[in-house]
1. Being surrounded by 21 or more Cβ atoms within 10 Å (Cβ to Cβ) and closer than 17 Å to residue 12 by Cα is true for just one of 82, 43, 63. Which residue is that?
2. So for region 5-16 (the condition being in contact (Cβ under 8 Å) with a residue 12 or more places away in the chain, more than 23 Å from residue 92 (Cα to Cα) and in the same structural domain as residue 219 (by TED's automatic domain parsing)), does at least one residue qualify?
3. Does residue 201 fit the bill of being within 20 Å of the chain's Cα centre (by Cα) and either crowded, with 23+ Cβ neighbours inside 10 Å or at pLDDT 95 or above (or both)?
4. Scan region 43-63 for residues that are in contact (Cβ under 8 Å) with a residue 24 or more places away in the chain and more than 20 Å from residue 111 (Cβ to Cβ) and report the count.
5. State all residues of region 110-122 that are touching a Ser or Thr at 6+ places or on another chain (Cβ under 7 Å), surrounded by fewer than 24 Cβ atoms within 10 Å (Cβ to Cβ) and part of a loop (DSSP other than H, G, I, E, B); if no residue qualifies, say none.
6. With the structure loaded, tell me whether residue 91 is away from the ligand (no atom under 13 Å from the Cβ), over 20 Å from residue 179 (Cβ atoms) and in a helix (DSSP H, G or I) or whether it fails that test.
7. What are the residues in region 160-197 that are more than 13 Å from the ligand (Cβ to nearest atom), over 23 Å from residue 270 (Cα atoms) and either within 12 Å of the chain's Cα centre (by Cα) or not in a loop (DSSP other than H, G, I, E, B) (or both), if any?
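The values are calculated or read from the model by the stated rules, or taken from the named source; none is laboratory data. Note that the structure is predicted; figures quoted are calculated from it, not measured. Cβ: placed from backbone, ideal geometry, glycine included. Neighbour counts: every protein chain shown.
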Amino acid sequence: MKKIMITGALGQIGSELTLKLREIYGTDHVIATDIRSNDSEAATSGPFEMVDVTDGKTMLEVAKKHQVDSIIHMAALLSATAEANPVFAWNLNMGGLMNALEAARETGAQFFTPSSIGAFGPSTPKDLTPQDTICRPTTMYGVNKVSGELLSDYYYHKFGVDTRGLRFPGLVSYVTPPGGGTTDYAVEIYYEAMKNKAYTSYIAKGTYMDMMYMPDALNAIVNLMEADPAKLLHRNSFNVTAMSFEPEQIAAEIRKHIPEFVLMYDVDPVRQSIADSWPNAIDASAAKEEWGFKAEYDLARMTEDMLNKLK
Ligand code: AKB
């Protein structure tokens with residue numbers, strides 16, 4: 001049975017991933033860590049340790065203390081926050097990753113960290129973006145993500161660490177709201193639709209981005225970590241996506257449940273320019289072929305579930 005340490009366990013993905021992994025591998029086999037604690041289920045339902053990922057010594061001590069054999073490194077700043085604080089973002093995103101990879105090397109643990117569609121840039125093909133393509137991002141977050149993919153590849157080739165990763169699109173969930181991302185509008189719109197029957201989007205009409213519902217993202221992490229290593233050619237950078245839409249399409253889907261819903265726009269130039277530098281829709285065929293990636297939720301199914309859960 002795996003013994004897993006998660007960093008950033010109280011964040012957008014971590015808070016749900018911790019609970020899912022505890023269901024699969026047992027409560028005591030999943031060590032949640034974060035820079036601070038709270039009274040959420042992820043923090044209180046099993047082992048929890050305070051870890052600042054920029055402190056490599058403590059991270060390694062916690063990994064050793066709990067004799068973990070897998071490290072899932074989620075702690076990071078998202079794209080818009082990283083763009084507002086580029087030096088801090090470099091230190092946290094890259095310093096944290098380096099510390100986590102070192103902990104994996106020293107303990108012999110398997111390793112997962114997420115990359116993102118942020119790894120792509122304006123010169124990347126926009127539609128059906130291939131798995132292996134131009135990655136010249138123009139954001140600090142993107143620079144961190146590409147560097148992270150390369151660093152994880154390096155740790156695999158140089159030290160034999162079993163590193164694995166996914167290029168996530170925007171993730172939508174009704175549990176823990178995201179913070180500081182470019183794709184966050186696709187989460188906020190559901191909360192505002194339920195509360196006020198109206199939403200003002202900071203992303204412009206006609207801007208397509210890839211998205212995925214959280215249950216599919218969690219399954220993708222578990223399935224990639226369980227995949228036969230012999231089949232993995234793209235260990236640290238699998239494109240994964242479930243859908244691509246622009247604001248009007250999500251609004252139209254919401255109107256099937258809340259006919260009075262109104263979508264307005266007040267475009268934020270920073271987040272819009274990040275979105276414009278990302279693909280419209282990526283190709284996930286390598287993930288499908290190499291480890292059987294599959295998404296269950298499309299826009300209609302996700303919208304129905306989100307609105308039901310938020311009721
Ligand atoms: C963000 O918007 O920064 C993230 C991402 C796509 O990586 N959700």
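1. Details: 43 fails: surrounded by 21 or more Cβ atoms within 10 Å (Cβ to Cβ); 63 fails: closer than 17 Å to residue 12 by Cα.
Exactly one of 82, 43, 63 is surrounded by 21 or more Cβ atoms within 10 Å (Cβ to Cβ) and closer than 17 Å to residue 12 by Cα, namely 82.
2. The initial filter retains those residues of region 5-16 that are in contact (Cβ under 8 Å) with a residue 12 or more places away in the chain, namely 5-16.
If we keep only those that are more than 23 Å from residue 92 (Cα to Cα) too, we end up with none.
No, every residue in region 5-16 fails to be in contact (Cβ under 8 Å) with a residue 12 or more places away in the chain, more than 23 Å from residue 92 (Cα to Cα) and in the same structural domain as residue 219 (by TED's automatic domain parsing).
3. Details: within 20 Å of the chain's Cα centre (by Cα): no; either crowded, with 23+ Cβ neighbours inside 10 Å or at pLDDT 95 or above (or both): yes.
No; evaluated as a whole, the condition is false for this residue.
4. Number of matching residues: 4.
5. Correct list: 121, 122.
6. Details: away from the ligand (no atom under 13 Å from the Cβ): yes; over 20 Å from residue 179 (Cβ atoms): no; in a helix (DSSP H, G or I): yes.
No; evaluated as a whole, the condition is false for this residue.
7. The answer is 163, 164, 193, 194, 195, 196.
Yes/no per residue for (1) more than 13 Å from the ligand (Cβ to nearest atom); (2) surrounded by 22 or more Cβ atoms within 10 Å (Cβ to Cβ); (3) assigned to a loop (DSSP other than H, G, I, E, B):
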residue: 95; (1), (2), (3): yes, no, no
residue: 101; (1), (2), (3): yes, yes, no
residue: 104; (1), (2), (3): yes, yes, no
residue: 124; (1), (2), (3): yes, no, yes
residue: 128; (1), (2), (3): yes, no, no
residue: 135; (1), (2), (3): yes, no, yes
residue: 153; (1), (2), (3): yes, no, no
